[in-house]
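Have a look at the structure below before the remarks.
The values are calculated or read from the model by the stated rules, or taken from the named source; none is laboratory data. On a predicted model such as this, the values are computed, not experimentally measured, just so you know. Cβ placement follows ideal geometry from the backbone for every residue including glycine, while neighbour counts extend to all protein chains displayed. Each accessible area value is taken on the protein alone, full model and side chains, heavy atoms only, with ligands, DNA and RNA left out. Shrake-Rupley method; radii C 1.70, N 1.55, O 1.52, S 1.80 Å.
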Amino acid sequence: MTAAIAAGDRWVVDSAYASVRELLLARAELVVALDYPRWLSLGRLLRRTVRRCLTGELICNGNTETWRLVLSRDSIIVWHFRSFAAKRKSLAAMRADPGMPPVISFRRPRDLEAWIAEAGQAAGAAEISGR
């Protein structure tokens, strides 16, 4: 399925498993990274996790988060601590590799929001001018 998506003319992927990352990066024109500080990333993760445990909200593949899972070795919170530094290192390697697509990193949500707003204005202006 990933190959079919990557073969398309336009697509956006939110993260990527290591098994398909190379396929996607080979066709990507830009990588947009939310490189937020650990405290912000962890705070958002904790809020989402607590909410999902309380509401039973469905997440990927029809799963739900439970308190038992949150307190286990396979917890998303444990994963956060295990993967955070490696993801930062991976982003740095991508930025340094001239064979990779350009990487735009945002350290603060307001910077991302400003970039999106600017892109939207540029797209609107291009549409008005008929480009």
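Things to note:
- For first residues located in segment 1-12 and within 17 Å of residue 30 (Cα to Cα), partners that are at pLDDT 85 or above and of a type in the set (Gly, Ala, Ser) and lie 6+ apart or on another chain with Cβ distances below 8 Å form the pairs 6/26.
- Applying the condition of being open to solvent by 80 Å² or more (accessible area, probe 1.4 Å) and not charged (D, E, K, R) to segment 103-125 and asking which residue is farthest from the chain's Cα centre (by Cα) yields 121.
- Within segment 17-27, the set of residues being under 15 Å from residue 100 (Cβ atoms), in contact (Cβ under 8 Å) with a residue 12 or more places away in the chain and within 16 Å of the chain's Cα centre (by Cα) comprises 24, 25.
- Taken together, the criteria place residue 58 among residues that are in contact with a strand residue (DSSP E or B) (Cβ under 7 Å, 6 or more places away or on another chain), farther than 23 Å from residue 24 by Cβ, open to solvent by 60 Å² or more (accessible area, probe 1.4 Å) and not charged (D, E, K, R).
- So residue 21, is it assigned to a helix (DSSP H, G or I), touching a strand residue (DSSP E or B) at 6+ places or on another chain (Cβ under 8 Å) and farther than 24 Å from residue 113 by Cα: no
- Qualifying residues in segment 24-41 (those that are assigned to a loop (DSSP other than H, G, I, E, B) and aliphatic (A, V, I, L, M)) - the one least open to solvent (accessible area, probe 1.4 Å): 28
- Taking first residues from segment 62-76 that are assigned to a loop (DSSP other than H, G, I, E, B) and partners that are surrounded by 10 or more Cβ atoms within 10 Å (Cβ to Cβ) and not small (Gly, Ala, Ser), the Cβ contacts under 7 Å between residues at least 6 apart in sequence or on separate chains come to 65/49; 65/52; 65/53; 65/59; 66/53; 75/69.
- The residues on offer are 51, 44, 95, and the sole one that is at pLDDT 95 or above, closer than 21 Å to residue 12 by Cβ, open to solvent by 40 Å² or more (accessible area, probe 1.4 Å) and part of a helix (DSSP H, G or I) is 44.
- Residue 14 being open to solvent by 40 Å² or more (accessible area, probe 1.4 Å), among the acidic types (Asp, Glu) and under 25 Å from residue 1 (Cα atoms): yes
- With respect to the stated conditions, residue 79 is without any contact (Cβ under 8 Å) to a residue 12 or more places away in the chain and surrounded by fewer than 13 Cβ atoms within 10 Å (Cβ to Cβ).
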